[in-house]
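Heads up, the thing below is written out as structure tokens.
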Amino acid sequence: MKHLFTLITKALPLFLIVFSGLISCNTTTIQYDIPEPFVSETVYLSDPSSFNLTVVGGQLFLANAGHNGILIYRRYFDQEFYDFAAYEAACPIHWTDGCGELLSSNGDLYFTCGCDAHQYQILDGQSVDTSYTLPVKEFNCSFDGVNIIQITN
């Protein structure tokens with residue numbers, strides 16, 4: 001019994017250090033310099049202008065939303081909330097420059113910054129080049145599973 005008590009008292013500090021390290025993981029959120037206007041957009045898949053979003057890989061650009069527009073991308077076809085992604089169309093690095101718009105066309109797998117041709121993956125907004133740490137700014141996107149996509153910040 002004494003041996004067990006000694007073992008526990010010696011192992012307990014090590015356990016607490018490891019456990020506190022696990023629960024104190026970096027949970028910081030990404031801070032963007034891009035101004036964030038209020039976003040509350042509703043997109044209906046039944047609207048003819050949204051036709052591209054009815055298939056996986058389809059895209060739609062909302063010019064009068066967000067800071068520099070919002071790019072919507074259909075990732076999956078599971079009739080779930082995660083089927084769609086909505087991204088700010090301003091390049092994370094060059095958003096203040098006149099050329100700082102992210103460009104993409106239907107079928108592309110990347111967003112391309114108009115200033116330096118830097119590319120970001122359209123599936124998750126991450127930079128292709130690992131030296132760029134800022135991903136594309138993503139908005140909250142919900143889907144009712146049938147027709148309505150709601151985009152908010």
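The values are calculated or read from the model by the stated rules, or taken from the named source; none is laboratory data. Note that the structure is predicted; figures quoted are calculated from it, not measured. With ideal geometry, Cβ positions are generated from the backbone for all residues, glycine too; neighbour counts draw on all protein chains shown.
Looking at Cys115, is it surrounded by 12 or more Cβ atoms within 10 Å (Cβ to Cβ) and either in contact with a Leu (Cβ under 6 Å, 6 or more places away or on another chain) or of a type in the set (Lys, Arg) (or both)? It is false that Cys115 is surrounded by 12 or more Cβ atoms within 10 Å (Cβ to Cβ) and either in contact with a Leu (Cβ under 6 Å, 6 or more places away or on another chain) or of a type in the set (Lys, Arg) (or both).
Picking from Phe81, Phe143, Phe111, which residue would you name as being among the hydrophobic types (A, V, I, L, M, F, W, C), modelled with pLDDT under 90 and under 22 Å from Ser40 (Cα atoms)?
Details: Phe143 fails: modelled with pLDDT under 90; Phe111 fails: under 22 Å from Ser40 (Cα atoms).
Going through Phe81, Phe143, Phe111 in turn, the sole match is Phe81.
What pairs come up if the first residue lies in segment 98-111 and is basic (Lys, Arg), the second is surrounded by 14 or more Cβ atoms within 10 Å (Cβ to Cβ) and modelled with pLDDT under 85, and their beta carbons are under 6 Å apart, counting only those six or more places apart or on different chains? Correct list of pairs: empty, since none qualify. In segment 143-152, how many are surrounded by 16 or more Cβ atoms within 10 Å (Cβ to Cβ) and either polar (S, T, N, Q) or over 22 Å from Val55 (Cβ atoms) (or both)? Qualifying residue count for the region: 1. Once segment 39-61 is narrowed to residues that are in contact (Cβ under 8 Å) with a residue 24 or more places away in the chain, under 17 Å from the mean Cα position of the chain (by Cα) and under 17 Å from Phe139 (Cα atoms), the residue that is surrounded by the fewest Cβ atoms within 10 Å (Cβ to Cβ) is Ser40.
Quick check on my filter: what residues within segment 77-97 are under 15 Å from Ile148 (Cα atoms) and not small (Gly, Ala, Ser)? Within segment 77-97, Phe77, Asp78, Gln79, Glu80, Phe81, Tyr82, Asp83, Phe84 meet the criteria.
May I ask you to verify whether Asn68 is assigned to a loop (DSSP other than H, G, I, E, B), closer than 21 Å to Tyr32 by Cα and of a type outside the set (A, V, I, L, M)? Working first, answer last.
On the way: assigned to a loop (DSSP other than H, G, I, E, B): yes; closer than 21 Å to Tyr32 by Cα: yes; of a type outside the set (A, V, I, L, M): yes.
Judged against the criteria, Asn68 is a match.
The sole residue among Tyr132, Tyr82, Tyr87 that is surrounded by 15 or more Cβ atoms within 10 Å (Cβ to Cβ), within 24 Å of Pro37 (Cα to Cα) and among the hydroxyl-bearing types (Ser, Thr, Tyr) is Tyr87.
Where strands (runs of 3 or more DSSP E) sit wholly within segment 75-153, those with at least 2 residues that are touching a helix residue (DSSP H, G or I) at 6+ places or on another chain (Cβ under 7 Å) occupy 138-143.
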